[in-house]
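Here's the structure we're looking at; comments come further down.
The values are calculated or read from the model by the stated rules, or taken from the named source; none is laboratory data. Just so it is clear, the model here is predicted, and its values are computed rather than measured. Every residue, glycine as well, gets a Cβ built from its backbone with ideal geometry; the counts of neighbours run over all protein chains shown.
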C-alpha cells in the first residue's frame, strides 16, 4: 500500500468519526464551538494532518542539520525531541518546527504543511555532496495531538507511557509520543495503529479541529511561522530563546552571527506577546500604536478563535509600545488588542 493510500485511509477513518475535512485539514467534528469550549477546561484530541513531515536520513544527517538549524542537532536523541528554527543568512526565520530522531541517522521535522514543500526544496539545495537524503514523510506517520486536563492519564491508559519532561520522547511498539510545554502531547504513529489509538483516546477526550490544537500552542506561547510571516522575525523576537528553540553555544548556521549579535550586544526591541482581540486577524496582519504614528509597531504571528469569544493570538510587538501604549489592528484607529500573560517569563533585555 502506498503512502497516499495510507493517507486516504486515515482521512476516511476520521470522516467516519465525524470529521469535517477541507483542503486536507480537519476543521471540526460537527460542533466547532463545543470543541473550543472543551479546550478551555477539558481534554481534546486532534488530527495533525495540517502539519507536514520532512525526513533527513543518512550518515551525515546530523552534521547537515547542525549546519542549518538554530538549535543543537546533536542533542536530539531517541528520548529527546527538539523545537528549532531555520533562518535566512540575515537571521530572519523561514520556519519553526519539532524535530525527532526516529532511528539511527534518521530525523523527522514537523512543520506547517503550507511551508513543507518550499522548506524541503530549500534545504535539499544545500545537501550538495553530503550523505543525507531529504524526503517528504508526511504520509508515512499519522500524528495525533492530545491536550488539556487529564492528558497524562488518558495517554497512560491508551499506550502505557506518558513522558514527564517537556520535549521528552517515549517509544512503544506503536510509535513515539512527545511531551510539549503546557501538558500537550504529540503522538507519531504507524498508520496501522492509528485508528485503534484514536478510538481509545476519544473515550476520554473530545475530538477537535486543527484550530483548537493551534489554540493550545498559542496558550503555551509556541510560535508557528507561516507563509505570511516568513522572514519577519529573528528568533528572539518570537521568543524562540525562551521556549528552548535556540542554542547559543553551537557552531555556524544561516543567520547565526545576527542571532548571536542580537543576544549579546543590542537590547532586543521586539518580543512576542499573548494578545486577545474581538475581531478576526490573520498571521502577518500589522499592529499600530500612537507612539509609532507612521509605521507598524508589531505583527500577528498566529491567531485562532478563543473559547471565551473573540480571538487569541501571538503577536511580535515593540516592547516600548506593548508596555505603555494601546495596540490596534491594521491602523491607529483599528480594533484594540488586550495583552495577556504568557506561561513563561518574558525577558525583555
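So, residue 35, is that one out of contact with any strand residue (DSSP E or B) (no Cβ under 6 Å at 6 or more places or on another chain) and either outside the structural domain of residue 120 (by TED's automatic domain parsing) or in contact (Cβ under 8 Å) with a residue 24 or more places away in the chain (or both) or not?
On the way: out of contact with any strand residue (DSSP E or B) (no Cβ under 6 Å at 6 or more places or on another chain): no; either outside the structural domain of residue 120 (by TED's automatic domain parsing) or in contact (Cβ under 8 Å) with a residue 24 or more places away in the chain (or both): yes.
Taking the combined requirement at face value, the residue does not satisfy it.
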Inset, instruction - Hey, can you tell me all the residues within region 44-70 that are more than 19 Å from the chain's Cα centre (by Cα) and either outside the structural domain of residue 116 (by TED's automatic domain parsing) or not in a strand (DSSP E or B) (or both)? - result: 58, 59, 60, 61, 62, 63, 64, 66, 67
Inset, instruction - Return only the number of the condition from (1) without any contact (Cβ under 8 Å) to a residue 60 or more places away in the chain; (2) buried (at least 17 other Cβ atoms within 10 Å of the Cβ) that residue 196 does not satisfy. - result: (2)
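When you go through 198, 176 one by one, which is the residue that is within 21 Å of residue 24 (Cβ to Cβ) and not assigned by TED's automatic domain parsing to the domain that holds residue 100?
Details: 176 fails: within 21 Å of residue 24 (Cβ to Cβ).
From the options 198, 176, the qualifying one is 198.
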Inset, instruction - Could you check residue 128 against (1) farther than 18 Å from residue 178 by Cα; (2) surrounded by 19 or more Cβ atoms within 10 Å (Cβ to Cβ) and say which number it fails? - result: (2)
Inset, instruction - State whether the residues of region 206-223 include one that is at pLDDT 95 or above, over 22 Å from residue 314 (Cβ atoms) and surrounded by 15 or more Cβ atoms within 10 Å (Cβ to Cβ). - result: yes
Inset, instruction - Give, as residue ranges, the strands (runs of 3 or more DSSP E) completely inside region 269-349 that count at least 1 residues that are closer than 16 Å to residue 224 by Cα and at pLDDT 95 or above. - result: 270-277, 298-305, 311-318
Legend entry - Residue, farthest from residue 231 (Cα to Cα), within region 95-117, restricted to residues that are over 17 Å from the mean Cα position of the chain (by Cα) and outside any strand (DSSP E or B): 104
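Hey, does region 72-79 have a residue that's in a strand (DSSP E or B), touching a strand residue (DSSP E or B) at 6+ places or on another chain (Cβ under 9 Å) and within 29 Å of residue 241 (Cβ to Cβ)?
Our first condition is that a residue be in a strand (DSSP E or B); within region 72-79, this holds for 77.
Next cut, touching a strand residue (DSSP E or B) at 6+ places or on another chain (Cβ under 9 Å) only: 77.
Adding the requirement that they be within 29 Å of residue 241 (Cβ to Cβ) leaves 77.
Taking every residue of region 72-79 in turn, at least one turns out to be in a strand (DSSP E or B), touching a strand residue (DSSP E or B) at 6+ places or on another chain (Cβ under 9 Å) and within 29 Å of residue 241 (Cβ to Cβ).
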Inset, instruction - With the condition kept exactly as written, say whether any residue in region 98-121 is free of Cβ contacts under 8 Å to residues at least 24 places away in the same chain and touching a strand residue (DSSP E or B) at 6+ places or on another chain (Cβ under 7 Å). - result: no
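Report, by residue number, each residue of region 147-179 that is part of a strand (DSSP E or B) and touching a helix residue (DSSP H, G or I) at 6+ places or on another chain (Cβ under 6 Å). Before you say what the answer is, go through the steps one by one.
The first filter runs over region 147-179 and keeps only residues part of a strand (DSSP E or B), leaving 147-148, 168-172, 175-179.
Matches in region 147-179: 147, 172.
For every residue, the table says whether it meets (1) surrounded by 14 or more Cβ atoms within 10 Å (Cβ to Cβ); (2) in contact with a helix residue (DSSP H, G or I) (Cβ under 7 Å, 6 or more places away or on another chain).
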site	(1), (2)
265	no, no
282	no, yes
319	yes, no
329	yes, no
